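Below is one structure, written out as structure tokens; the observations come after it.
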Amino acid sequence: MSLEKYLIEAHNNEQLQQHKRGFEFIAAGVPQVEELLQKLIDFQVAIPSWALGTGGTRFGRFGGGGEPRSLEEKIEDVGLLHQLNRSSGAISLHIPWDIPQNYNNIRALAAQYGLKFDAVNSNTFQDQPGQLLSYKFGSMQHMDRTVRKQAVDHNIEVIRHGVELGSESLTVWLSDGSCFPGQLNFRKAFQNTLESLQQIYSALPPNWKMFVEYKAYEPNFYSTTVGDWGQSLLYAQKLGAQAYTLVDLGHHLPNANIEQIVSLLLMEGKLGGFHFNDSKYGDDDLTVGSMRPYQLFLIFNELVEGMDARHMNHATDLGWMIDASHNVKDPLEDLLQSVEAIMIAYAQALLVDRPALAAAQLDNDVAAAQEILQHAFRTDVRPLVAEARMRAGGALQPLQLFRKEKIRQHLVANRGSKTVATGL
Ligand code: LRH
Ligand code: MN
């Protein structure tokens, strides 16, 4: 389903007076406001193909209906999000949950919605029907070379799908690890995993990147073979220049200082990208900015500072992706809120008075440094994000328009109330 352009224009006209008041107020205090708006317009977040349906836990799943039944309908749903906020211009596929049946049709449909294909994700954390060898005791760490080869072959097949779609990066998340002391030889597990990743690395097209995603625990609960940023960095450094680390915000132990990790990975030139979400306890995959918006701001503060220090292009030099699961919210509403939270944190980070902060840090003026950061964090930048969205042809209030046009009801009417999307 796509949204008629006139409906977005009508919505914006209704909101325009109120929006203009808010925008002119904040724009008056923003130096180079046009540059900032252009940065927001250029910044695109990839939507995970596996998060367009209702998620669940081992305790239950409560479907909301109208979920996409095919990759084509997933692309339509991401296209709809992009029509509404003009900041969701890419989709990240997960194989085998989303194997394209006809590359030309899929590429054409995505292009129709102005969508690119971001990183493709492999899956050696589940046994697929008809799979010869089980990943119960891991995939690339596995003591059995034939299991490792099966995992390597799968990743090379995923790269092939990605090349056909115009993707330029592979995300490898390994659930490999152990649940009990003594179960695993950590050194052999690392070496087997590195050897397997090296075989995949050598199959990468020259312009591709490999993202090594780390995670502290789950589904293994004693050790994880790519368990933290240090281990991921070790793999990426040993693999080569096309290998990078991927930071999933929910994959850290409690109270980890993620913004410091981001700063150091950027410094090393080994930060590849993000899986944005939020969490209070574990890998909760909740709406971005719903639990710890200040941490999200501090992460973007380090990103802007670190990327500018390396003269990186904010919009294109890192992988900006969401990785979430929706247990109680409408998946599309949840994703609209997540993209909004990311754009707000980025806009606030762009407002930080960098010279003043550097001066305060030089003088060890701790209180002044906090004032400078929190002034940006406490600035309501929503009118800036909305103005950028409207200039890019989007809706001033995407979630409001999604509800006003009863889009979920239309999807349920078209697709049925019991449809279940592939994914988490
Ligand atoms: C693992 C993870 C990984 C995906 C999966 C869907 O927790 O974050 O990025 O493959 O979720
Ligand atoms: Mn992830």
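The values are calculated or read from the model by the stated rules, or taken from the named source; none is laboratory data. Note that the structure is a prediction, hence the values are computed from the model and not measured. Counting neighbours? That spans all protein chains shown, and the Cβs are built from the backbone with ideal geometry, glycine included. Accessible surface areas use protein heavy atoms only, side chains included; no ligands, DNA or RNA. Shrake-Rupley method; radii C 1.70, N 1.55, O 1.52, S 1.80 Å.
A few comments on the model shown:
- Scope the stretch 224-259; condition within 18 Å of the chain's Cα centre (by Cα), within 16 Å of ligand 1 (Cβ to nearest atom) and open to solvent by less than 20 Å² (accessible area, probe 1.4 Å); matching residues: Ser232, Thr245, Leu246, Val247, Asp248, Leu249, Gly250, His251, Ile258
- Qualifying residues in the stretch 91-126 (those that are open to solvent by 10 Å² or more (accessible area, probe 1.4 Å) and among the aliphatic types (A, V, I, L, M)) - the one farthest from Lys5 (Cα to Cα): Ile99
- Answer residue from the stretch 174-212, given it is surrounded by fewer than 22 Cβ atoms within 10 Å (Cβ to Cβ) and closer than 20 Å to His275 by Cα and is nearest to ligand 2 (Cβ to nearest atom) among those: Ser175
- Residue check for His11: assigned to a helix (DSSP H, G or I), away from ligand 2 (no atom under 16 Å from the Cβ) and surrounded by 19 or more Cβ atoms within 10 Å (Cβ to Cβ): yes
- On inspection, Asp283 does not qualify as of a type in the set (D, E, K, R) and either in contact with a helix residue (DSSP H, G or I) (Cβ under 7 Å, 6 or more places away or on another chain) or surrounded by 21 or more Cβ atoms within 10 Å (Cβ to Cβ) (or both).
- Candidates Ala341, Ala395, Ala369, filtered to the one that is under 27 Å from the mean Cα position of the chain (by Cα) and open to solvent by 10 Å² or more (accessible area, probe 1.4 Å): Ala341
- Complete set of residues in the stretch 266-280 that are among the aliphatic types (A, V, I, L, M), open to solvent by less than 50 Å² (accessible area, probe 1.4 Å) and either under 17 Å from Ala324 (Cα atoms) or away from ligand 2 (no atom under 16 Å from the Cβ) (or both): Leu266
- So Ser122, is it in contact with an Asp or Glu (Cβ under 8 Å, 6 or more places away or on another chain) and at negative phi: no
- For Thr171, the conditions (1) free of Cβ contacts under 8 Å to residues at least 60 places away in the same chain; (2) open to solvent by less than 40 Å² (accessible area, probe 1.4 Å); (3) within 16 Å of ligand 2 (Cβ to nearest atom) are fulfilled apart from (1).
- Helices (runs of 4 or more DSSP H) lying entirely in the stretch 313-395 (those with 3 or more residues that are free of Cβ contacts under 8 Å to residues at least 12 places away in the same chain): 354-362, 366-377
- Any pair with Cβ under 8 angstrom, 6 or more apart, that starts in the stretch 198-221 at a residue that is of a type in the set (Lys, Arg) and ends at one that is at pLDDT 95 or above and more than 16 Å from ligand 2 (Cβ to nearest atom): Lys209/Glu168; Lys209/Gln242; Lys209/Ala243
- Identity of the residue in the stretch 319-338, open to solvent by 10 Å² or more (accessible area, probe 1.4 Å) and within 25 Å of Thr245 (Cα to Cα), that ends up nearest to ligand 2 (Cβ to nearest atom): Asp323
Per-residue answers, yes or no, for (1) free of Cβ contacts under 8 Å to residues at least 60 places away in the same chain; (2) assigned to a loop (DSSP other than H, G, I, E, B):
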{"position": "Glu67", "(1), (2)": "no, yes"}
{"position": "Leu84", "(1), (2)": "no, no"}
{"position": "Ser87", "(1), (2)": "no, yes"}
{"position": "Lys136", "(1), (2)": "yes, yes"}
{"position": "Ser139", "(1), (2)": "yes, yes"}
{"position": "Met143", "(1), (2)": "yes, yes"}
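- With respect to being at pLDDT 95 or above, open to solvent by 70 Å² or more (accessible area, probe 1.4 Å), more than 30 Å from Leu80 (Cα to Cα) and not basic (Lys, Arg), Asp380 falls outside the description.
- Test: residue in the stretch 228-250 that is touching a residue at least 24 places away in the same chain (Cβ under 8 Å), within 16 Å of ligand 2 (Cβ to nearest atom) and more than 22 Å from Leu197 (Cβ to Cβ): yes
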